[in-house]
Amino acid sequence: MESKNTAASSMEVQQPSQPAAPIKITVLVAAIAAGVQFGWALQLSLLTPYVQLLGIPHTWAAYIWLCGPISGLIVQPIVGYYSDSCTSRFGRRRPFIAAGAALVAVAVFLIGFAADIGHAAGDPSGKVAKPRAIAVFVVGFWILDVANNMLQGPCRALLADLSGGEARRMSTSNALFSFFMAVGNILGYAAGSYTHLYRIFPFSKTNACDVYCANLKSCFFISIALLLILTVLALAFVREIPVSAAEISEPLKKPKIPVFGELFGALKDLPKPMWILLLVTCFNWIAWFPFLLFDTDWMGKEVYGGKVGEGKLYDRGVRAGALGLMLNSVVLGVASLGVQFCARGFVGVKKIWGGANFLLAVGLAMTVVITKTAQHARHYAADGALQTPEPGVKIGALALFAVLGIPLSVTYSIPFALASIFSSNSGSGQGLSLGVLNLAIVIPQMLVSVTSGPWDDLFGGGNLPAFVVGAVAAAISGVLALTMLPSPPAEVVATKAMTAGGFH
């Protein structure tokens, strides 16, 4: 999952700079975000259902997602630290971007061919657990999360380097990065919702890899091709000025990584507004993460009534969920513009975030209503086979995905602007404050990953128990935002970029 820029101490160090690059070079580097986010979209929409098809029970499926917050917390700061002090003749950022892209290719191969490798190693055929395929998949999944986090930080840092220290160019670079993230999301979810993509790659369907598996494999073929093309283009045309050891700032020459000590040490001196911000953010992510993990699984099981590995109904539901996520991304992009306008106007960030959290609470509660409606409207063919849901049920579920793009746009923007404002008011460093904010994001993600499966199982399985907890957490977050969170003046908010965020 994309971590929210966790590099702390190294971001506070004055770095050697190079002249501002032409805008076309900035576009090439920012476009890498489309390739990275394409893969993230496939992970979110297809991989939770796929691990269950391989034989991992729903109770334990969320444990695989622990890698996202862990790698976001650990990998990005380490990569950021070493890229700041890199003296390679190829530049500071390009070696890490190239290494990240290469690792993505390895991970995609392992994920896509997990079933085939497992079958060749002795996994049984049929609808039974495939332990060897699961092992290969988990290794590939964790490598993919680590590799994506390796790419994100250096890409953003390279954009900062190419801005030449100009605030306007930096703002443009961030906007371009966010734009290409949205493009990657939409393309990835669109690919995930298409049911016949495997026909483009006929060899993807094998004895060990059924249609769902072949579609997933084909999606990842496209993903890695897109990422490698964009990465090669960017690295071929971008010219970084190599940095010598003598030019590296003194704090970066120390043979240690001070990031984690500073992050946890900073908690002791946080001002009250930052503590409230962390609390609101924590409950906000407890609300979001179960839905982000299991939204397509919910469509396949609760809305469509399918069962993992039994018939095509579950697969159709998962594809419909991917379509819903595509709609969510479109609304998110449009709503992000509205968030910027409202935050700089008369509404204020406090009311926006509080209202968005209540909208999220209502949306998550509506999953119960949609599920019960779908169950009561089940209909069967003459041979007794369960049919797809009524059009009204499908439209309602897709509309829910779309509407949730509004509070998601707030989650991806306002907390980062507030962290920047509160850190400026208290004299804290920007990078360190954003790193502390990241703790309030990744720790809830770890908590949900560990507890959501057993919690759902405690109530008989399914996804609704975790969604209901999410609705309660969203309501608490909304109350805290409206009653305790300070609201900075609009003129202060207007000076802060509102395009900082993105999942994972």
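The values are calculated or read from the model by the stated rules, or taken from the named source; none is laboratory data. Just so it is clear, the model here is predicted, and its values are computed rather than measured. Heads up, the Cβs are rebuilt from the backbone with ideal geometry, glycines too, and the neighbour counts pull from every protein chain shown.
Considering the range 112-131, and only residues there that are out of contact with any Phe, Trp or Tyr (no Cβ under 6 Å at 6 or more places or on another chain) and buried (at least 17 other Cβ atoms within 10 Å of the Cβ), the residue that is nearest to H58 (Cα to Cα) turns out to be K130.
Taking the conditions exactly as written (at pLDDT 90 or above and of a type in the set (A, V, I, L, M)), does L46 satisfy them or not? So L46 does not fit the description; no.
Yes/no matrix, rows are residues, columns are (1) under 23 Å from E240 (Cα atoms); (2) modelled with pLDDT of 85 or more:
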| site | (1), (2) |
| --- | --- |
| W60 | no, no |
| I70 | no, no |
| V79 | yes, no |
| S85 | yes, no |
| R89 | yes, no |
| R94 | yes, yes |
| I97 | yes, yes |
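Within the range 25-112, considering only helices (runs of 4 or more DSSP H) that don't extend past its boundaries, which have at least 1 residues that are touching a Gly at 6+ places or on another chain (Cβ under 8 Å), among the β-branched types (V, I, T) and farther than 25 Å from P124 by Cα?
32-42, 67-84, 94-112
What residue, of V318, V334, V308, V330, is modelled with pLDDT of 90 or more, surrounded by fewer than 23 Cβ atoms within 10 Å (Cβ to Cβ) and either in the same structural domain as T388 (by TED's automatic domain parsing) or over 18 Å from A377 (Cβ atoms) (or both)?
The conditions single out V330.
When each of V450, V469, V492 is tested for being surrounded by fewer than 19 Cβ atoms within 10 Å (Cβ to Cβ), at pLDDT 85 or above and either not in a loop (DSSP other than H, G, I, E, B) or not aliphatic (A, V, I, L, M) (or both), the lone residue that passes is V450. The residue that is surrounded by the fewest Cβ atoms within 10 Å (Cβ to Cβ), among those in the range 295-305 that are farther than 14 Å from T195 by Cβ, touching a Phe, Trp or Tyr at 6+ places or on another chain (Cβ under 8 Å) and not basic (K, R), is D295. Listed by first and then second residue, the pairs with beta-carbon distance under 9 Å, at least 6 apart or on different chains, first residue in the range 262-285 and under 29 Å from A471 (Cβ atoms) and crowded, with 19+ Cβ neighbours inside 10 Å, second of a type in the set (S, T, N, Q) and modelled with pLDDT under 85, are P273/N425; P273/S426; M274/S423; M274/S426; M274/S428; M274/S433. Exactly one residue out of A266, A245 is modelled with pLDDT under 95 and not assigned by TED's automatic domain parsing to the domain that holds H376: that is A245.
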